[in-house]
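The values are calculated or read from the model by the stated rules, or taken from the named source; none is laboratory data. Note that the structure is a prediction, hence the values are computed from the model and not measured. Cβ placement follows ideal geometry from the backbone for every residue including glycine, while neighbour counts extend to all protein chains displayed.
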Amino acid sequence: MTDRKHVVVFYTVAGGGHVAAANALKEILEGTGGYRVTLVNPYVELVADLDLWQRFTGRTGEEIYNESIIRDGKTGLYCLGFYAGGILNLRLTHRAAQRRVAAWLEEQKPDLVISVIPLSNRIVFDALNDYRRQSPGRAAVPGVVLITDWTEYGRHIWFPRGADYFAICGTGEAYRRANRYPSLSGRVFRTQGLLLKPSFQGGPPEDKAAAKAALGLTPDKPVICMLYGAHGGWRMRDMALALKDLAPDAQVLFLCGHNQDLATALAATDWPFPTQVVGFTREVPRYLGASDLFIGKPGPGGVSEALSYGLSLLLDRTMGLPQEAPVVQWVERTGAGASFRGPREFLDRVHRLLTQLTQGINPPKPHPNTASLEIPGIIGAILEWGEGHGGVTA
């Protein structure tokens, strides 16, 4: 029996998509029996003292992102300013961070390094190159970027300069973007959809009425699922209160993520329609499987999950981050759903989509997501490349 390959995955908890992808990789790869996967958040475990945001504001970059940008909805100029500050932080601390990461890789001795974070990948792969140079047997230890966004928002945000890594893309837009870089020629892999946990595999339930009944919902009445990311943006409360004016003939699931204050506020509200308020849960597939209409921020992960279950989509442009604009554009271009900005537009779109659903007009189609099935083969192919180039350690 051969030793399991050691895979290191770099992730961040800024937003929910990166850590979700990291956990999915761990579950999928270790599930094959051929891999041992180590997850590391470099901003917390390796370079925490290099975070200039924490030094000058008392809050880490991840905390600012999750609390101010995601939860409080500061997605405009505030967000762009935060990104600019983050890029400056990375440039000022590049060498120090590179040394820390390289030293940690020396301790871990990985056979493969995967990053599911943007902006920092040149640091990761410079450190990987330092690790490679320590021994001839490591010369071809592969590096991989697995993009968790719909596509790359700006040049080299996900795919840094250099020809020392591979790329895995879950959308046609990201795949085409990566292939525009000559240095990545022949090194880009495509999956059918963004990487989701295997629990999202398989598409909608065969009996949606039974799926609704299992959650205590009325089987023959439409179900709206409101989900504003893993950290639960307060914008959900504003749109939910607007929904009271419409009083749709539907049931509403409020999935509040880690925002317990939001869940408490919604649970204390008197609603003119049946509701369920849910805090952070690992049962999102069950709730999506029982739903008909998804309302939320245009996060690529949440949208991909809803698409895999064949839900109509109604996306909040006001809550969209700069890198999420391509998600809205794709949804509207393909007819997978609609978007809104203010309460009036929101109510109009909800009424129209619910009418279409109840009358069977332009019913949404599931978008099968097979990324979790494809990942083991892709990782195996990348490791075979490394072995063929002489130097992946066992």
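Counting the residues of the stretch 110-151 that are in contact with a helix residue (DSSP H, G or I) (Cβ under 7 Å, 6 or more places away or on another chain), charged (D, E, K, R), within 22 Å of LEU88 (Cα to Cα) and surrounded by fewer than 23 Cβ atoms within 10 Å (Cβ to Cβ) gives 1.
Taking the stretch 256-284, which residues are of a type in the set (Phe, Trp, Tyr) and at pLDDT 95 or above? The answer is TRP271, PHE273.
Has the stretch 20-32 got any residue that is among the hydroxyl-bearing types (Ser, Thr, Tyr) and out of contact with any helix residue (DSSP H, G or I) (no Cβ under 8 Å at 6 or more places or on another chain)? Checking the stretch 20-32: not a single residue is among the hydroxyl-bearing types (Ser, Thr, Tyr) and out of contact with any helix residue (DSSP H, G or I) (no Cβ under 8 Å at 6 or more places or on another chain). You will find that of ALA24, ALA48, ALA97, ALA14, the residue that is in contact with a Lys or Arg (Cβ under 8 Å, 6 or more places away or on another chain) and modelled with pLDDT of 95 or more is ALA24 and no other.
Let's see how each residue does on (1) surrounded by 15 or more Cβ atoms within 10 Å (Cβ to Cβ); (2) of a type in the set (Gly, Ala, Ser); (3) at pLDDT 95 or above; (4) outside the structural domain of ALA167 (by TED's automatic domain parsing):
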| residue | (1), (2), (3), (4) |
| --- | --- |
| GLY342 | no, yes, no, yes |
| LEU347 | yes, no, yes, yes |
| ARG352 | no, no, yes, yes |
| LYS365 | no, no, no, yes |
| ILE375 | yes, no, yes, no |
| ILE378 | yes, no, yes, no |
| LEU383 | yes, no, yes, no |
| ALA394 | no, yes, no, yes |
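Is it the case, given these coordinates, that ARG55 is over 18 Å from MET319 (Cα atoms), assigned by TED's automatic domain parsing to the domain that holds VAL145 and surrounded by fewer than 17 Cβ atoms within 10 Å (Cβ to Cβ)? Against the criterion (over 18 Å from MET319 (Cα atoms), assigned by TED's automatic domain parsing to the domain that holds VAL145 and surrounded by fewer than 17 Cβ atoms within 10 Å (Cβ to Cβ)), ARG55 does not qualify. Restricting attention to the stretch 286-332 and to residues that are closer than 16 Å to GLN356 by Cβ and among the acidic types (Asp, Glu), the residue that is surrounded by the most Cβ atoms within 10 Å (Cβ to Cβ) turns out to be ASP292. Of the residues making up the stretch 360-383, those that are among the polar types (S, T, N, Q) and farther than 15 Å from LEU29 by Cα are ASN362, ASN369. Of the helices (runs of 4 or more DSSP H) lying entirely inside the stretch 250-341, those containing at least 3 residues that are hydrophobic (A, V, I, L, M, F, W, C) span 260-267, 300-308, 325-334.
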